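Every number here is computed from the coordinates shown, using simple stated rules; none is lab data. Not measured: the values here are computed from a predicted model. Reconstructed Cβ throughout: ideal geometry from the backbone, glycine too, with neighbour counts over all protein chains shown.
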Amino acid sequence: MCELQVKGKNAKQASYQLMNISTQIKNDALKRIAENIVLYASDIIDKNKIDIQNSINKGIGQQMIDRLMLNEERIKAIAEGVRQIADLEDPVGEVLSMKKRPNGLLIGQKRVPLGVIGIIYESRPNVTVDAASLCLKSSNAVMLRGSGDAINSNKELVKIMKMSLAEAGINEGAIELVEDTSRETAANFMKLNEYLDVLIPRGGAGLIKTALKNSTVPVIETGTGNCHVYVDETADLEMAYNILINAKTTRTSVCNSCESLLVHKNIKDKFLAEAVAKLREKNVEVRGCEETVKICSDVIPATEDDYGREFLDLIISVKVVDSIDEAINHINKYGTGHSEAIVTENYTNSQRFLNEVDAAAVYVNASTRFTDGFEFGFGAEIGISTQKMHARGPMGLKELTTSKYIIYGNGQVR
């Protein structure tokens, strides 16, 4: 049997045990994972350094290196996320409804795990722990297929998590890592219907597009983040500056960072020059429309492609719009359905933006950087879903479950 079949079989077998274990046992395992990740942080960092050096040798850019890098602070943050998941309410077994029919049947619906979840993702090794922990708490087994860039980090993290499962009396097959990172294995992973119940791709547009196109396993689409900040004509400008700089520059390599700035024409002269200056202080390259270039002559003229790009870098597109209608239309045309923000003091405009912008998370007077499972109180997240079926937005525990009908009778026949 090949690696996928062996580990798929292990995960499927573990999923049957996970359906029946108690919340206490799951929480014990999660707490052990958190403790052991911190305890063996030096081993993780040593393996991570190998991945980083290999990536540097391959000429991978600094923004991607940042996504890959683990240090003591980040490891402690990962462990804290696991502890928060342990503290969350267990969704499995929740009775969603229970009604008695005229024939005496008692028909109910309860929350159950999906089964075996496949996660295919790129360079961020924190996803390895986040995904495994969320799957464990929701009683799902997980098969993880990370990128070759992070393989040494991922192997060490999974080794530690498997050790923690064994200490808690849980089948180690509940967390499996596909160690073959070849494209052929990735393609076969997407067709592992015999063992996988659902596939969740987490990464850039290319990975997600490939999964949607090639997978025969049902896919939950997590989206790229071409996120916008729209500064309305009634905006508090100081607030707008703060939100813009936070959304664009705090961490450019994540999907909830701002990639495009829209500015109402009535405040362009008051707002744009200062906004561009503040962005440049943070080393952001600005690509603007004709109106923006007139105000800031050294701004790079934006192309049509710039408005639809997720830069994941210190680059931003800027466009002056005539109205909130144009802003909404622009976002719905170029956005990826992830996170969008309006800065405004006008209640009517804020409500229109909330109602008419087609995205998983829509903000009034706040940064798009809050679209995150930790910030939403989910502990960690499996990804940000931009689709509209089953789950949308940060995917926490409930989004990793489905439901089944449970029916009690006393001899009824039809």
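So here's what we get for this one:
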{"read-out": "Value of Rg/Rh across the range 227-370 [Cα atoms, Kirkwood radius]", "value": "0.91"}
{"read-out": "Between helix 324-334 and the chain: long-axis angle, C-alpha atoms, 0 to 90°, nearest 10", "value": "50 degrees"}
{"read-out": "Value of relative contact order over the chain, rounded to a whole percent, pairs C-alpha under 8 Å and six or more apart", "value": "19 percent"}
{"read-out": "Sequence-separation-based contact order of the range 227-370, relative, with Cα cut under 8 Å and 6+ spacing, percent", "value": "34 percent"}
{"read-out": "Size of charge dipole - the range 227-370 - debye, nearest 20, with Cβ of Lys, Arg +1 and Asp, Glu -1, no other charges", "value": "360 debye"}
{"read-out": "Cα-based Rg of the chain normalised by 2.2 N^0.38 Å, two decimals", "value": "1.07"}
{"read-out": "Highest-MSF residue in the chain out of Ile315, Ile324, Ile295 [GNM, Cα springs under 10 Å]", "value": "Ile295"}
{"read-out": "Crossing angle, helix 3-18 versus the chain [Cα axis fit, 0-90 degrees, rounded to tens]", "value": "70 degrees"}
{"read-out": "Helix 23-39 axis, angle to the chain major axis (alpha carbon atoms, nearest 10°)", "value": "60 degrees"}
{"read-out": "Given charges at beta-carbon only (K, R positive; D, E negative), |dipole| of the chain in Debye", "value": "1680 debye"}
{"read-out": "Under-5 Å amide H pairs with Val198, H placed in peptide plane, nonlocal only", "value": "Val116, Gly118"}
{"read-out": "Most mobile listed residue (Lys31, Lys12, Lys110) in the chain, GNM with C-alpha springs under 10 Å", "value": "Lys110"}
{"read-out": "Within the chain, helix-based [θ] at 222 nm, where runs of 4 or more DSSP H residues each add -39,500 (n - 2.57), nearest 500", "value": "-13000 deg cm²/dmol"}
